Ligand code: TEU
Ligand code: CA
């Protein structure tokens, strides 16, 4: 299977429907808004749009809690509008990928409603129910084990009616499916995969793709932190015993379902694991998924045991993590993604660049040069093309996210307002909160809602940076980050052999804490890439012999052999 696949050289633009464009003034983005803005997306030069969940949902986790896989959430529009949008995307020569959220559904889904109705309901075992371990002195039920939820507190939710707990690794109303049962898997495939393949989508972003297969003994997790009640349970369900069997089965379902020969883009969110796991998921011959999102490089600087605690990190840590996220494909038949932002991550210019007024645009452009120089399928998240920065100066009550508030409430209850844990939390939120990526898209500089909506109170406040950072002003400015991305994506296509498919990635001067230097190859060509992650002017040494020809960079009028300017990125061919 070495013949090139369209999705390897595609650039994907990720859309967060709630915050993209509101066309009816109710303060929520909608599908018509996406349709209206397709020319903007097309102009950027991307090939695919990936839409985050737009399905019917009570929105406890912004649509990652799905109540009906086959129905558009009424605020986003109708099914007909969605089918129309899919057709319009195709008419513009682009493709559509949708989110496949099947580790869990919403507690409002009819299957869960049935399952919770009684212990002998036919769908009882479609979810993961367990009796209490016992009852405490106040008569409160004790969860079956000590697993911690990603969103704070126990991963088990007590159900009054049938007096048992159900497992929910994420929010309280996101019950995990019991993937052990074949009838559950088939029902999931039919409704979430089959329904949308029949409507012509070109692929799926597979949510929580590594966690469907849980250790069926549900043992207590190892106590890594004795000061807390609930522990990190990852190893009891990340890349669990049957996960590859499940992916192979689902892949086959997809292949059988597509009748017009279209080739699907599948990308799994596989946050954690070893190189061996990653190779198995993405190796072409295994026939599971096309590529995966690794969390390595986006989690540098977070405590591995708890993300709302920052730890120091160096540029070397970041470099190694970037390599680790995609290096595993070298010499294999695997494929990888390249991304630095999504709806779960803060803004890259704030996290890895410098978002102060002097350097925001130039460092955002440098990160764009870095992104296009790496091997894999490139994903760009809405607002990244503007170099949008993180929110600044907000208090906790101004944030929305269930992950943030769940963990906040838990820390408050467990340690109190004045604890060191709370101090760490307050330090982490402005740096890594998911909400930095979720504010409404700044289309213009206009008050009050930046052209996102005619409502003065959209579902979520705007990032206060919109008067300076918005699409309208950037479209008209040839020097803008947006117009730079257009050039960058064009360069990536024109030089796709080395940029998209290059191999034998190698660092140079790895310990340098200002410079990120690497080479990679494609047949007889070599690429040398040099990035200055600082606001100083820095000398660099070319690590290999040959004549350098500059291919691309984020500074104009700079001699190709001169020292690197602040936040400069350059790509060279070496002959
Ligand atoms: O995220 C899965 C996941 O592992 C999260 O813990 C993610 O890493 C976290 O947001 C980072 O702190 C997916 C979706 O992308 C996310 O938006 C959902 O909230 C989550 O699944 C539950 O469906
Ligand atoms: Ca709307």
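Please treat every number below as a calculation from the coordinates, not as lab data. None of the values given here were measured: they were computed from a predicted structure. Neighbour counts run over all protein chains shown; Cβ positions are idealised from the backbone, glycine included.
For the reader, a short list of remarks on this structure follows.
- The distance between label points at residue 92 and residue 536 comes to 4.5 nm (points 7 Å beyond Cα on the Cα→Cβ vector).
- Spatial separation of Cα centroids for the stretch 229-266 and the stretch 333-412, in angstrom: 27 Å
- The stretch 298-381: C-alpha gyration tensor shape, a/c 1.5 cut-off, then a/b vs b/c: oblate
- Descending semi-axes in whole angstrom, ellipsoid equivalent of the stretch 436-575, from the Cα gyration tensor: 37, 17, 14
- Cα point-scatterer Debye curve for the stretch 502-574, base-10 log of I(q)/I(0) at q = 0.19, 0.24, 0.26 Å⁻¹: -0.73, -1.15, -1.31
- Subtracting the Cα-Cα distance of residue 78 and residue 303 from their residue separation scaled by 0.36 nm leaves 76.8 nm.
- Dividing the convex hull volume of the alpha carbon atoms of the stretch 459-499 by its residue count gives 107 Å³ per residue.
- Here the simple spin-label model places points 7 Å from the Cα toward Cβ, and for residue 409 and residue 182 these points are separated by 4.1 nm.
- Per residue convex hull volume, Cα atoms of the stretch 110-167, in Å³: 89 Å³
- Ordering of 201-211, 427-437 by burial proxy (mean other Cβ atoms within 10 Å per residue, highest first): 201-211, 427-437
- Pairs of alpha carbons in the stretch 263-323 separated by more than 17 Å make up 48% of all such pairs.
- Relative contact order (%) - the chain, alpha-carbon pairs under 8 angstrom, separation at least six: 13 percent
- Acute angle (nearest 10 degrees) that the helix 360-373 long axis makes with the longest principal axis of the chain, alpha-carbon atoms: 80 degrees
- Building the convex hull from the alpha-carbon atoms of the stretch 63-139 and averaging its projection over directions returns 8.0 nm².
- Near-label residues of the stretch 434-463 by backbone N, under 19 Å of a point 7 Å along Cα→Cβ of residue 472: 440-458, 462-463
- Extension gain from residue 138 to residue 260, taking 0.36 nm per residue of separation minus the Cα-Cα distance: 37.8 nm
- Cα-based Rg of the stretch 297-449 normalised by 2.2 N^0.38 Å, two decimals: 1.14
- Paramagnetic reach from residue 163 (point 7 Å along Cα→Cβ, amide N under 13 Å) across the stretch 107-139: 119, 131-135
- For the stretch 380-445: rounded, prolate or oblate by the Cα gyration tensor [a/c cutoff 1.5]: prolate
- Contact order normalised by residue count of the stretch 420-520, Cα under 8 Å, 6+ apart, percent: 15 percent
- Applying 1/(1 + (r/R0)^6) with r as the Cβ-Cβ distance of residue 547 and residue 490 and R0 = 41 angstrom yields a FRET efficiency of 0.95.
- Only Cα pairs under 8 Å and 6+ residues apart enter the sum, and on that basis the relative contact order of the stretch 502-574 stands at 31 percent.
- FRET efficiency, residue 248 to residue 275 (Cβ-Cβ, R0 30 Å, nearest 0.05): 0.95
- Linear extension gain, residue 220 paired with residue 316, 0.36 nm per residue minus alpha-carbon span: 31.0 nm
- Zero-based 10 Å bins, Cα pair distances in the stretch 459-533, whole percents: 16, 28, 29, 21, 6, 0
- Prolate/oblate/rounded call for the stretch 196-283, Cα gyration tensor, a/c under 1.5 rounded: prolate
- Simple label model, 7 Å out from Cα along Cβ direction - residue 557 to residue 198, nm: 6.1 nm
- Under the Debye formula (equal points on every Cα, no solvent term), log10 I(q)/I(0) of the stretch 486-525 at q = 0.16, 0.24 Å⁻¹: -0.51, -0.82
- Convex hull of alpha carbon positions in the stretch 365-498: directionally averaged projected area 10.3 nm².
- Shape descriptor for the chain: Rg over Rh equals 0.96 (Cα atoms; Rh from the Kirkwood inverse mean 1/r).
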